[in-house]
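The values are calculated or read from the model by the stated rules, or taken from the named source; none is laboratory data. Source: prediction; values computed, not measured. FYI the Cβ positions are ideal-geometry reconstructions off the backbone, even for glycines, and counts take in every protein chain you see. Note: accessible area is taken over every heavy atom of the protein model, side chains too, but ligands, DNA and RNA are not part of it. Shrake-Rupley method; radii C 1.70, N 1.55, O 1.52, S 1.80 Å.
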Amino acid sequence: MSTQSLAPARRESLRSIRTLTLQLFDWATSDEVLRSEPMPGFRPLLWHLAHIGVYQNYWVLQRCAGQPSINPTYDVHFDPIKTPREEAKVLPARSEIEAYLAETLRRVERFLEPADLDTKANNGTLTPGYALDLVLEHELQHQETVAFVLQALPLTSKKRGPAPLDGRRAAPAAEILVPAVRAQIGGVAGAGFVYDNELPQHALDVASFSIDRDLTTNGEYAEFVSSGGYSNCSLWSDDGWAWKESAGAVAPLYWSSAPWKERGFFAVTALRDDAPVTGVSCFEAEAYATFRGKRLPSESEWEIAAAWDPACGVMRRYPWGDDPVAPGLGERAWGTTPVGSHPENGSALGLNDVIGNVWQWTSSPFRGYSGFVPYPYPEYSEAWFDGDHRVSRGGSWFTDRSLVRTSFRNFYRRRFRQAFLGIRCARDAR
């Protein structure tokens, strides 16, 4: 594709993603919702809105274009490293922030119009194409962070929206037997945008294993709860049991009892048995897998099940193939859907809901592959190689389809519980 044809497409991506960002903030019922600390450990939502502009300004205009900062005060206040979380509560008006975002976007478009946007990822030189992909993915990821926070807020803090989709799972539960394979794990440098933690691509021999075709459903997880899973210490790791006791967990985060109900993005509804369970920590996911006589997949097992194409003997960049989709243009259901009801989100091996429902915990600690080199800054990946973060794979109902390359590695602390995280079990082949 020529540089001339890339510019209009990228410009449209910038604009459509920004439109979705602003629409997401419109779900809040008041300005106070956006200004208040939503929960311990999280900055106010309005902080994220300004941070998106600061990040775009820094990487495209300051680093690539060599232009001076539009607002040096913003550069400090909306940088998570320069300004501690507790000092991020003093915020300008939303109208001021949106004016800053609009001016930043106007200057970015003007700079990129004649620029060579051929992406040369992770080669030591920050090109306009790489910087553009970086800020696009950054904004999409912050959209999901904002959506998660909105999900966790009281229903009175959000305007009313559509009800979650109901239905039935596509087929009875089943497993997929994955044969032993030597596969190329990770992203390909220079073949489209990838983060540093997806590199370097490397050959890996993986023994045969079985993996659940479907995500764990609410109904399946309810059996774990009703069978006393939260009181049976033999199902839990030592760390997991200590966390459970401290947190007082007795069910997934968004469940309420008598009979079980679930809190979705906009409403509380009866528990949908065929929808994937969400709001579980890695500790809970591990205990549930043990209850089933299984385990969580390693991230390499997950990547092979999601990407391996046995007909061609290659790993796909996306579950559907190697062709990307334009970011920021898809429709969202604003909640999970019954497992297996979207075959277009499956893999060549038959794995359902690779993307489009929930992120999936793996057993793998988040760390760099052999030969890892931080780029373009260590705080995105390297700072989180602490032994506590676990890799999650796939993509949720909110995740933009442009982000769901099969090498993409998300990561959360083991105790983290949120509405976009779920379970898929695996086991050794018999």
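Quick notes on this one:
- In the calculated pair-distance distribution of the stretch 70-114, the portion above 18 angstrom amounts to 40 percent of the Cα-Cα pairs.
- Calculated over the stretch 181-224, the projected area of the Cα convex hull averaged across directions stands at 5.4 nm².
- In the context of the full set of protein chains, the stretch 1-157 has a per residue accessible area of 43 Å² (1.4 Å probe).
- Taking all Cα-Cα distances within the stretch 388-430, those exceeding 15 Å account for 51%.
- Residue among 338, 302, 279 farthest towards the positive dipole end of the stretch 250-356, charges placed on Cβ: 279
- Separation of alpha-carbon centers, the stretch 178-252 and the stretch 52-103, rounded to whole Å: 36 Å
- Options 242, 51, 64, ranked by Cα towards positive dipole end of the chain, top entry (Cβ charges): 242
- Positive contributions from Lys and Arg (+1) and negative ones from Asp and Glu (-1), summed over other residues with Cβ under 15 Å from the Cβ of residue 268, come out at +3.
- Within the stretch 348-390, all pairs of alpha-carbon atoms sorted by distance into 5 Å bins from zero give the percentages 5, 18, 18, 18, 14, 16, 9, 1.
- Two-decimal Rg to Rh for the stretch 230-352 - Kirkwood Rh, Cα set: 1.03
- Between 0 and 90°, nearest 10: helix 282-291 axis offset from the chain longest Cα axis: 20 degrees
- Distances between placed amide hydrogens fall under 5 Å for residue 314 paired with 309, all partners being 5 or more residues away or on another chain.
- Overall, the stretch 364-427 carries a charge dipole of about 440 debye about its Cα centre when +1 sits on the Cβ of Lys and Arg and -1 on the Cβ of Asp and Glu, all other atoms neutral.
- In a reduced charge model with +1 at each Lys and Arg Cβ and -1 at each Asp and Glu Cβ, the chain shows a dipole moment near 440 debye about its Cα centre.
- Summing Cβ point charges (Lys, Arg +1; Asp, Glu -1) relative to the Cα centre of the stretch 150-286 gives a dipole of roughly 760 debye.
- Summing +1 for each Lys or Arg and -1 for each Asp or Glu among the other residues whose beta-carbon sits under 12 angstrom from that of residue 377 gives -3.
- Using a Förster distance of 56 Å, the FRET efficiency for residue 429-residue 245 (Cβ separation, nearest 0.05): 0.95
- 3J(HN,Hα) from dihedral phi, the stretch 197-213, Karplus parametrisation 6.51/-1.76/1.60, rounded to Hz, x for glycine, proline: 6, 8, 10, x, 5, 8, 7, 9, 8, 10, 5, 4, 8, 10, 9, 4, 4
- Accessible area per residue for the stretch 278-370 is 34 Å², calculated with a 1.4 Å probe on protein heavy atoms, without ligands, DNA or RNA.
- Put 82, 261 in order of accessible area, highest first, and with a 1.4 Å probe you get 82, 261.
- The chain: C-alpha gyration tensor shape, a/c 1.5 cut-off, then a/b vs b/c: oblate
- Relative packing of 394-404, 374-384, 352-362, which averages over residues the other C-beta atoms within 10 Å, highest first: 352-362, 394-404, 374-384
- Nearest 10 degrees, 0 to 90: helix 3-25 Cα axis against the chain principal axis: 70 degrees
- Directionally averaged shadow of the stretch 70-211, computed from the convex hull of its alpha-carbon atoms, nm²: 14.9 nm²
- Two-site FRET efficiency, residue 372 against residue 125, from Cβ-Cβ distance with R₀ of 25 Å, rounded to 0.05: 0.85
- Length added when fully stretched, residue 175-residue 82, from 0.36 nm per residue minus Cα-Cα: 28.7 nm
- Among 358, 321, 191 - extreme Cα towards positive end, dipole of the chain, charges at beta-carbon: 358
- Spatial separation of Cα centroids for the stretch 319-385 and the stretch 267-281, in angstrom: 21 Å
- Expressed as a whole percent, the accessible area of the chain that falls on carbon and sulfur atoms is 53 (1.4 Å probe).
- Accessible surface, the stretch 163-202, averaged per residue in Å² (probe 1.4 Å): 50 Å²
- Counting only residues at least eight positions apart within a chain, or on another chain, the lysines with an alpha carbon under 29 Å from that of residue 158 are 89, 261.
- With R₀ set to 35 Å, the beta-carbon distance separating residue 331 from residue 270 gives a calculated FRET efficiency near 0.90.
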